[in-house]
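Take a look at the structure below.
Every number here is computed from the coordinates shown, using simple stated rules; none is lab data. Because the structure is predicted, anything quoted here is derived from the model rather than measured. Methodologically, a virtual Cβ is constructed for each residue, glycine included, from the backbone with ideal geometry; neighbour enumeration extends over all protein chains shown.
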Amino acid sequence: MHRIIHRISRSRRISHKLGLAVAIAASAGLLSGCMGAMPTPMAALNRQLAMVGTNRAPSLSGRWLAVITGRGGRDQVLLLDVAGNAHVPVPGLNRGDAQPISVGVDASGERLALVRQLEGRTELVLYRRSLMSLQPIPMEPAGVPHQLAMRADGKELAVQISRDGLWQIDLIALP
Amino acid sequence: MGLFSRRSVGPLGPLGAEDRQDPAISGNGRFLASVLEQGGKAMVVLQGQPGGQTVALRHLRGHEPHSSPSLSWNGRYIAALVQQGPERVAILEDRATGKLLRLPLPNGSQPARLSLAPDGQRIAIEVTEGGQSRVQLFDLTGQLEPDLPGGLAVQGGPSAP
């Protein structure tokens, strides 16, 4: 009798282990790169990014990459031409007394949107590169912007806003 | 209303009040992804626009918390950060074929945010390594068909309740 119970118990343990192994394998299989070859790191650009200091909050669109870089205790928006492997100037976008939080760029590299803290306030601004102009986008109803995403065609922003104790998302059409 | 017209992304449930974070919008504006806090889980929700109908995602469920979704031009590709065991991993789902791509990261680095190029041919991933943030770019040419302006939208089925 003891032998039979032992066998059943052992059989259950094996079955449990097998089930666990199948579950782990299924989970691993689910996320194990089903499309064949691996993506290739873009070494030259990655080296260039590493040289400018820390960088975060990437926005990639068309040939453009916007990131927030930190060097010497100061954060600023950096625009890179990925195809040309070069920095692109954004005169009038960065201010020494502003702290950028989130940035987005459109596929033409003409429009950038930025959430930044300035003089104790958090604001959303739209930058047009050809005009070197910066335009505030008011929060209506009132709220505090945080993260943003820009549509690749530059026609709309999706903005995460703190409002009434909740995070909400507004879609803002750009003229 | 001023120069900028706006609309709020509507609630997903009947109760109305929901935390919605980390927005991503497809290049053509037809899809919006965001992270919804519900039942202690942070889940990526994909919605058609402007109607707001939810669209099913095949590979993300069970790998919460999700963060940092990003969409290609027609919404064919959605990339996000998900949890696999103790690891944060960057994945990309092809909604047209149902296939999944896991994006490898250097050992010891944790992904924090990502941004997929609208054509799906590159991806930028912010990783944290030794307390420092840096952005790494990956070339996806040859891995994914380009998702270009004017391409066909992948509608997908409605999300399971």
Approximate spin-label separation residue A:38-residue A:86, in nm, with each point projected 7 Å along Cα-to-Cβ: 3.3 nm
What is the list of residues in the range B:35-78 whose amide nitrogen lies under 17 Å from a point 7 angstrom out from the Cα of residue B:110, following Cα to Cβ? B:42, B:64-68
Distant-in-sequence amide H partners of residue B:122 (H built 1.01 Å from N, under 5 Å): B:117, B:140
Quick one: Debye curve from the alpha-carbon atoms of the range B:82-135 only, equal weights, vacuum; give me log10 I(q)/I(0) at q = 0.23, 0.26 Å⁻¹ to two decimals. -0.96, -1.13
Suppose the Debye formula is applied to equal point scatterers at every Cα of the range A:43-173; what is log10 I(q)/I(0) at q = 0.22 Å⁻¹? -1.39
Give me, ordered by chain and number, the residues 5 or more places off residue A:92 or on other chains with an amide H under 5 Å from its own placed amide H. none
Charge context of residue B:22, other residues only, Cβ under 12 angstrom, K/R +1, D/E -1: 0
Rounded to the nearest 0.05, what FRET efficiency is calculated for residue A:164 and residue A:121 with R0 set to 25 Å and r the Cβ-Cβ distance? 0.85
Residue by residue through the range A:139-152, what is 3J(HN,Hα) from phi via Karplus (6.51 cos²θ - 1.76 cosθ + 1.60, θ = phi - 60°)? Round to whole Hz and write x for glycine and proline. 8, 9, x, 4, x, 10, x, 9, 9, 9, 9, 9, 4, 4
What nm value, rounded to one decimal, do you get for the distance between residue A:142 and residue A:71 when each label is placed 7 Å out toward the C-beta? 4.0 nm
In nm, give the distance between the simple-model label positions of residue B:3 and residue B:145, each being 7 Å from the Cα along the Cα-to-Cβ direction. 4.0 nm
Using just the alpha carbons, could you tell me how many Å³ per residue the convex hull of the range B:19-139 encloses? 108 Å³
Could you go through the range B:130-136 in sequence order and give the Karplus-derived ³J(HN,Hα) for each residue, using 6.51 cos²θ - 1.76 cosθ + 1.60 with θ = phi - 60°, rounded to whole Hz, and x for Gly and Pro? x, x, 10, 9, 8, 9, 10
Under a 5 Å amide H to amide H cut-off, with H placed in plane at 1.01 Å, what residues pair with residue B:84 once short-range neighbours are removed? B:89
Quick check for me: using +1 on Lys/Arg Cβ and -1 on Asp/Glu Cβ, what's the dipole size of the range B:66-140 about its Cα centre, in debye to the nearest 20? 100 debye
With eigenvalues of the C-alpha gyration tensor scaled by 5 and rooted, the range B:65-109, Å: 21, 10, 10
How do A:40-51, B:84-95, B:68-79 rank on mean C-beta neighbours within 10 Å, highest first? B:68-79, B:84-95, A:40-51
